[in-house]
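A short worksheet on the structure shown next.
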Amino acid sequence: MKLYANNKELDLSQPQIMGILNFTPDSFSDSGKFFRLDKALLQVEKMLRAGATIIDVGGESTRPMADEVTLEQELDRVVPLVEAIRQRFDCWISVDTSKPQVMLESAKVGMDLINDIRALSELNALQTAARLDLPVCIMHMQGEPRTMQMAPHYDDVVKEVLDFLQKRTALCLQAGIRKENIIWDTGLGFGKSVQHNYKLLQQTTLFAKHYPVLIGLSRKSMIGAVLDKPIEQRTIGSAAGALIAVMNGASIVRVHDVEETSDVLKIWQATQQA
């Protein structure tokens, strides 16, 4: 399985690392540490050197209780950064957005992949994604970022998330998005309890039978809850989670700690190839 965009290809038969670049002043894990263009570009260079093949640019914090971001704010944050990355680096650029206008403007300056936590549910998002004809990752979320962690409930979390992704995918296909451009994200940490998250991680293989799967669990509360450690001490737990995701069939892992994740995956791959 390969993804294609802008005369580039990405081989999903090997696990790929997506490095997180939150270009916001209130990101949950790095507290706006890279909220300046020069610092952001240095971080991109560091992540690529460490083994990332995709850089995921986000201009809206989606942590629980995060403030909403206006279209103008998100455009001002995301578009110049995507353009600057494209001018300097030969990598895949993903944009973490739900807004069709951000998708359009980012595509003009070099975006390769749409990463939408709202699964193209915003007005005109489906049509915009189809028109751009770029790979798109659709994610499951119960509720909205501000309220999603208040009391998440499922009768059967795996079945319900699978049903949701299948239904959204059917709408994507109807809108004209090509099957080979669709990636699934089970939405760990987005309206799920710790137990729900680990059940979904355990069952990643079930989702990977249908579409390539992206897993994002880096530094999240599901790691903190098990280890009883603050965000800055969750690197090893996050790398372990990424390894389990890949062993269970995930094609892409979205991480903050690229070097550590890359090291873990190299040891696993060496074992696989021995």
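Observations, loosely collected:
- The residue of segment 53-73 that is farthest from VAL255 (Cα to Cα), among those that are surrounded by 16 or more Cβ atoms within 10 Å (Cβ to Cβ) and more than 17 Å from the chain's Cα centre (by Cα), is VAL69.
One line per residue, one yes/no per condition, for (1) aliphatic (A, V, I, L, M); (2) assigned to a helix (DSSP H, G or I); (3) without any contact (Cβ under 8 Å) to a residue 40 or more places away in the chain:
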residue: ILE236; (1), (2), (3): yes, yes, yes
residue: ALA239; (1), (2), (3): yes, yes, yes
residue: VAL246; (1), (2), (3): yes, yes, no
residue: GLY249; (1), (2), (3): no, no, no
residue: VAL253; (1), (2), (3): yes, no, no
residue: THR261; (1), (2), (3): no, yes, no
residue: VAL264; (1), (2), (3): yes, yes, yes
residue: ILE267; (1), (2), (3): yes, yes, yes
residue: THR271; (1), (2), (3): no, yes, yes
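- The residue that is farthest from LYS2 (Cα to Cα), counting only those in segment 106-145 that are acidic (Asp, Glu) and surrounded by fewer than 20 Cβ atoms within 10 Å (Cβ to Cβ), is GLU144.
- ALA40 vs. criteria under 22 Å from ALA250 (Cα atoms) and either outside any helix (DSSP H, G or I) or modelled with pLDDT under 95 (or both): no
- Count - residues of segment 216-234 that are farther than 29 Å from ILE182 by Cβ and either assigned to a helix (DSSP H, G or I) or polar (S, T, N, Q) (or both): 7
- Residue match in segment 204-215 (condition: modelled with pLDDT of 95 or more and more than 22 Å from PRO135 (Cβ to Cβ)): no
- Identity of the residue in segment 74-106, among the polar types (S, T, N, Q) and not in a loop (DSSP other than H, G, I, E, B), that ends up nearest to the chain's Cα centre (by Cα): SER94
- Of all residues in segment 147-189 being assigned to a helix (DSSP H, G or I) and of a type in the set (Asp, Glu), the one that is farthest from SER238 (Cα to Cα): GLU180
- Meets criteria (closer than 30 Å to LYS8 by Cβ and either surrounded by 20 or more Cβ atoms within 10 Å (Cβ to Cβ) or out of contact with any Asp or Glu (no Cβ under 9 Å at 6 or more places or on another chain) (or both)) for GLU232: no
- Cross-chain or 6+ apart pairs with Cβ under 7 Å, segment 87-102 first and under 17 Å from GLU45 (Cβ atoms), then assigned to a helix (DSSP H, G or I): ARG88/LEU41; PHE89/VAL44; PHE89/LEU48; CYS91/LEU48; ILE93/VAL82; ILE93/ILE85; ILE93/ARG86
The values are calculated or read from the model by the stated rules, or taken from the named source; none is laboratory data. Remember, it's a predicted structure, so these values are computed and weren't measured experimentally. Counting neighbours? That spans all protein chains shown, and the Cβs are built from the backbone with ideal geometry, glycine included.
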